[in-house]
Amino acid sequence: SAISKNSLKSSLLQLECHFTWALLKEDVDLDDLEETIGYQVEFFIKSNITNYNLLSYVYHLMNSNEEALRNLQKAEEVVKKNHPDEIARRSLVTWGNYAWIYYHMERYEEAQTYVSKVENSCKKLSSTAQWKIKLPEIYAEQGWSLLKFGAKYYERAKNCFENALKNEPNNPEFNAGYAIAMYRLEDLFYRLGEEESLSIEPLKRAVELNPNDTFIMALLALKLQDLNRVGEGERYIAEAMQKTPDFPHFLRYAAKFYRRKGEVDKALEILKKALAVTPKSAFLHHQLGLCYRGKLFQLKRTTRYPPQEQVEELIRLSIFHFKTGIDLKTKFFSASIGLANMYAEAKRYEEAEEMFQKAFQINILSDKDKQEFYYNYGNFQRFHMKSESEAIRYYTEGLKIENDSYSRNQCRNYLKKLLEYRIQRGVRDAKDFGTLGFVHNLNGEKHEAIECYEKAIALDPDNEEYLSALYDLRLSI
């Protein structure tokens, strides 16, 4: 009946599970997510209860509720096996997902059964007869799921692990989740010239508490490498390599470490080893593409007339791996930009243009991604299409997005050089002076900015944008 359906819905909304954690399917590539969690189950990266519960939600989003139910059964089997004394405590998320899936299948009786199971367990587990019970495991499980849904969710994931740690500050798994969230957040918000890294301490602590988790060791090594503590980082890589020489999830980061260190052949060797274990990993193909590209640039830097067939082979390999990465994960932004740039290297300009457009249309781009797009597309316009004005236009777009990043910094440097070069050549364009004024202002060079805006206005006296920028600058001095 309608009433019971409505009261059921309001009970469902009270549950702590994937269906109430606001994980939106438009933020992920579901096929890729299914594949990744599959690896994690296979290599037992962390609690498989967490993985099976998340898989059930992913299958629901893919419209296969039967498959979703099968994964919940698997989660229940793991609970019985690993936590026979805490079945209720460990099953709250699983039961919540059951209730929601049955509700979507219009099997309301069964949904109600699971709602009641959760309700009764919460009453038993918590002294206050509250309905939402805040267990640290549930916070952690929410944290792991949020990490999987991408950059938009990292801040929330960090908060979840912080909440879990309040009750159990020495729990190895919660510390690992917190450290990974901090590492990813720091990657996202690139800070210029900050010596202190916010994720170093959490990573070190997580490594101490999880001495066998080589994945976290690799993240710590990469972070140390970021801070120019390469020797220290390499010691962690070597130790991890002895512990898990065949674990693809570790190997891919070890390869990244050596590629960034300039030991590209060593990185290639490691990646091929990992690819033999997990051939359908988009991440590995992307890293292979980067390695062949690195070899190409090395060759061009060190050889005056690099042999043409060698150049063509490296371009071909790089294109092949970037392309494979995108085939496996359609919303793979970095691989899309990599491929577009490689087509440009190969002088296949139409394909490059098409790939840039595809990359920009990916609907889950962060500000950092957009800046990276404008920087790379600006370079393409400038160096391959030979269009200074288009390059200026896209560098400026990248600069307008106010989020510190490597790409934004590069947009600023390139833009300044280009504009100054044009002005020196005697190009009298109001827009050039206006944009250069904008760059100077961003750099805090107010007098230079004023001078540029005055020149822009001399050439374009009624331009509202320049007039108001000049007015604000004069007020601020």
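In the chain, one over the average inverse separation of all distinct C-alpha pairs is 25.4 Å, which is the Kirkwood hydrodynamic radius.
Dipole magnitude for region 286-380: about 280 debye, using +1 per Lys or Arg Cβ and -1 per Asp or Glu Cβ, origin at the Cα centre.
Here the label points at Y406 and L61, each 7 Å from Cα along the C-beta direction, are separated by 2.8 nm in the simple model.
About its Cα centre, region 5-133 has a charge dipole of approximately 820 debye under the convention of +1 per Lys or Arg Cβ and -1 per Asp or Glu Cβ, with nothing else charged. Only loop residues by DSSP count here, and only those with at most 16 other Cβ atoms within 10 Å; note down the trypsin sites (Lys or Arg not before Pro) in region 357-457 that meet that. Answer in residue order: K386, R425, R428. Loop sites here are GluC sites (Glu not before Pro) outside DSSP states H, G, I, E and B with no more than 10 other Cβ atoms within 10 Å. The longest part of the chain free of them is 197-401.
In the chain, the portion of solvent-accessible area held by carbon and sulfur atoms comes to 49 percent [1.4 Å probe, whole percent, DNA, RNA and ligands not counted]. Across region 261-274, computed HN-Hα scalar couplings (Karplus, 6.51 cos²θ - 1.76 cosθ + 1.60, θ = phi - 60°) run 7, x, 8, 5, 5, 5, 4, 4, 4, 5, 5, 5, 5, 5 Hz from first to last residue, x flagging Gly and Pro.
Applied to region 299-305, the Karplus parametrisation 6.51 cos²θ - 1.76 cosθ + 1.60 on θ = phi - 60° returns per-residue 3J(HN,Hα) values of 4, 5, 5, 9, 10, 5, 10 Hz, with x for Gly and Pro. Pairs spanning more than 24 Å between alpha-carbon atoms, out of K25/K368; K124/K148; K123/K166: K124/K148. When I87, I138, I401 are compared by accessible area at a 1.4 angstrom probe, the order from most to least is I87, I401, I138. Each 10 Å bin, from zero up to the one with the longest distance, holds this percent of the alpha carbon pairs of region 5-133: 13, 43, 34, 10, 0. Summed over the residues of the chain and divided among them, the accessible surface reaches 49 Å² per residue at a probe radius of 1.4 Å. About its Cα centre, the chain has a charge dipole of approximately 680 debye under the convention of +1 per Lys or Arg Cβ and -1 per Asp or Glu Cβ, with nothing else charged. Projecting the Cα atoms of L442, L418, A359 onto the dipole axis of region 346-477, where Lys and Arg carry +1 and Asp and Glu carry -1 at the beta carbon, places L418 farthest toward the positive end. I'd like to know which of L198, I37, I237 lies farthest towards the positive end of the charge dipole of the chain, counting +1 on Cβ of Lys and Arg and -1 on Cβ of Asp and Glu. Final value for the positive-end residue is I237.
Note on K370: lysines with a C-alpha under 16 Å away, same-chain residues under 8 apart excluded, are K152, K331, K358, K400. Here's the picture: charge each Lys and Arg Cβ at +1 and each Asp and Glu Cβ at -1 in the chain, and of G289, L188, T214 the one pushed furthest to the positive end of that dipole is T214. Annotation: aspartates and glutamates with alpha-carbon distance below 13 angstrom to K323 (same-chain offsets under eight excluded): E351. Among the chymotrypsin sites (Phe, Trp or Tyr not before Pro) in region 406-477, none sits in a DSSP loop with a Cβ that has at most 13 other Cβ atoms within 10 Å. Taking the C-alpha atoms only, the angle from helix 172-188 to the longest principal axis of the chain is near 20 degrees. In the chain, Cα pairs under 8 Å separated by at least six residues give a relative contact order of 8 percent. The string of couplings for region 463-477 from the Karplus curve (6.51, -1.76, 1.60, θ = phi - 60°) is 6, 4, 4, 5, 4, 6, 5, 5, 4, 4, 4, 5, 5, 7, 8 Hz, one whole number per residue in order, with x for Gly and Pro. When the P(r) is computed for region 294-413, the part past 24 Å accounts for 30% of the Cα-Cα pairs.
The values are calculated or read from the model by the stated rules, or taken from the named source; none is laboratory data. Everything quoted here is computed from the prediction, not taken from an experiment. Here Cβ is always computed from backbone atoms with ideal geometry, including for glycine, and neighbour counts include all displayed protein chains. All accessible areas refer to the heavy atoms of the entire protein, side chains included, with ligands and DNA or RNA removed. Shrake-Rupley method; radii C 1.70, N 1.55, O 1.52, S 1.80 Å.
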